[in-house]
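Peer 1: Here's a structure for you.
The values are calculated or read from the model by the stated rules, or taken from the named source; none is laboratory data. For clarity, every value in this text was computed on a predicted model and none was experimentally measured. Ideal geometry is used to build each Cβ from the backbone, glycine not excepted, and the neighbour counts take in all protein chains shown. To get the accessible areas, we keep the full protein, side chains included, count just its heavy atoms, and leave off ligands, DNA and RNA. Shrake-Rupley method; radii C 1.70, N 1.55, O 1.52, S 1.80 Å.
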Amino acid sequence: MPNAPITRVEAAQATLTSGDGTLIGAFLARPEKPSGAGVLVLPDNRGLSGFYQELVVRLAELGHTAVAIDYYARTAGTDYRDRPESFADMATLMPNHLARLTSEGLSADMSAGVERLRESCHAVVSLGFCIGGRFAFNTAVPRFGLDGVIGLYGFPGELNGAPGPARLAHLMTAPVLALWGGGDENIPPAMVAAFDDALTAAGVEHEFVTYPDAPHGFFDHRLPGFADASADAWRRITRFVSAAREAAAK
């Protein structure tokens, strides 16, 4: 994640109150010189790991207030920092936490993040990765009132019987930036194309970018060999956030 910081940042663990009264863990970064834009960061299925805390800080260093939420308060408590490394093992994560997420709870949690950002930002964008990318796409509907959504390698098809973003495209209104890995075996080109077509049919402003040969998770700096794709994605992300801020200010 390049870009020299343009402002100092105050960042810390935070707690938000979800719409159903549940306290959820979050990580919040506020810039000393705010741009007016806020970013709701939606992590991958591991939850609020250190990578996303770092991302929140990087966004705030560019002037964008940012908050990342953790999905697992209802099953694992609010202090995501105390979880063992084994928490992310799918054999444990799936039955005990991931499979117990509900659309109602997730919607309430994401709304809590948006509301916190709206306290100080005139434009708010969601930014999600993997399962968080799927969630980000789904926040393009009017109920969240977002100024744009960004999803990286978010599965757009039906999943465990639940309709995906492609099926919900006709409900979406916020501009969409979608970034894909051409080497992502779990998200075939036909599925990406179907989502693209659905957004076009719905008249939703959107941009799709596919990085040839890049795998799922290519944006993570711990994955070697895809620095160029990651750097280009970061440029597009920050440009999209700035454009959303400028459009909201008109």
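Peer 1: From (1) hydrophobic (A, V, I, L, M, F, W, C); (2) in a helix (DSSP H, G or I); (3) under 21 Å from Val56 (Cα atoms), pick out the condition that doesn't hold for Phe219.
Peer 2: (2)
A quick yes/no check of all residues on (1) in contact (Cβ under 8 Å) with a residue 60 or more places away in the chain; (2) part of a helix (DSSP H, G or I); (3) open to solvent by less than 10 Å² (accessible area, probe 1.4 Å):
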| site | (1), (2), (3) |
| --- | --- |
| Gly128 | yes, no, yes |
| Gly132 | yes, yes, yes |
| Ala136 | yes, yes, yes |
| Arg143 | no, yes, no |
| Gly151 | no, no, yes |
| Phe155 | no, no, no |
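Peer 1: OK, next. Taking region 66-83, which residues are open to solvent by 10 Å² or more (accessible area, probe 1.4 Å) and farther than 14 Å from His97 by Cα?
Peer 2: If the condition is that a residue be open to solvent by 10 Å² or more (accessible area, probe 1.4 Å) and farther than 14 Å from His97 by Cα, then Asp79, Arg81, Asp82 are the ones that fit.
Peer 1: Enumerate the strands (runs of 3 or more DSSP E) found wholly within region 4-72, keeping only those where 2 or more residues are among the polar types (S, T, N, Q), touching a residue at least 24 places away in the same chain (Cβ under 8 Å) and within 17 Å of Ser111 (Cβ to Cβ).
Peer 2: Values: elements: 9-17, 23-31, 37-42, 65-69.
Per the criteria, 9-17.
Peer 1: Of the conditions (1) under 19 Å from the mean Cα position of the chain (by Cα); (2) within 30 Å of Glu10 (Cβ to Cβ), Asp79 clears all except one; give me its number.
Peer 2: With respect to (1) under 19 Å from the mean Cα position of the chain (by Cα); (2) within 30 Å of Glu10 (Cβ to Cβ), Asp79 is out only on (1).
Peer 1: Looking at the structure I just gave you, is Ala194 open to solvent by 10 Å² or more (accessible area, probe 1.4 Å), touching a residue at least 40 places away in the same chain (Cβ under 8 Å) and among the small types (Gly, Ala, Ser)? Quick ask: steps written out before the conclusion?
Peer 2: On the way: open to solvent by 10 Å² or more (accessible area, probe 1.4 Å): yes; touching a residue at least 40 places away in the same chain (Cβ under 8 Å): no; among the small types (Gly, Ala, Ser): yes.
So Ala194 fails the test.
Peer 1: May I ask you to list the residues in region 160-211 that are assigned to a strand (DSSP E or B) and modelled with pLDDT of 95 or more? Don't jump to the end; show me each part of the working.
Peer 2: Looking only at region 160-211, we keep the residues that are assigned to a strand (DSSP E or B), and these are 162, 176-181, 206-211.
Result: Val176, Leu177, Ala178, Leu179, Trp180, Gly181, His206, Glu207, Phe208, Val209, Thr210, Tyr211.
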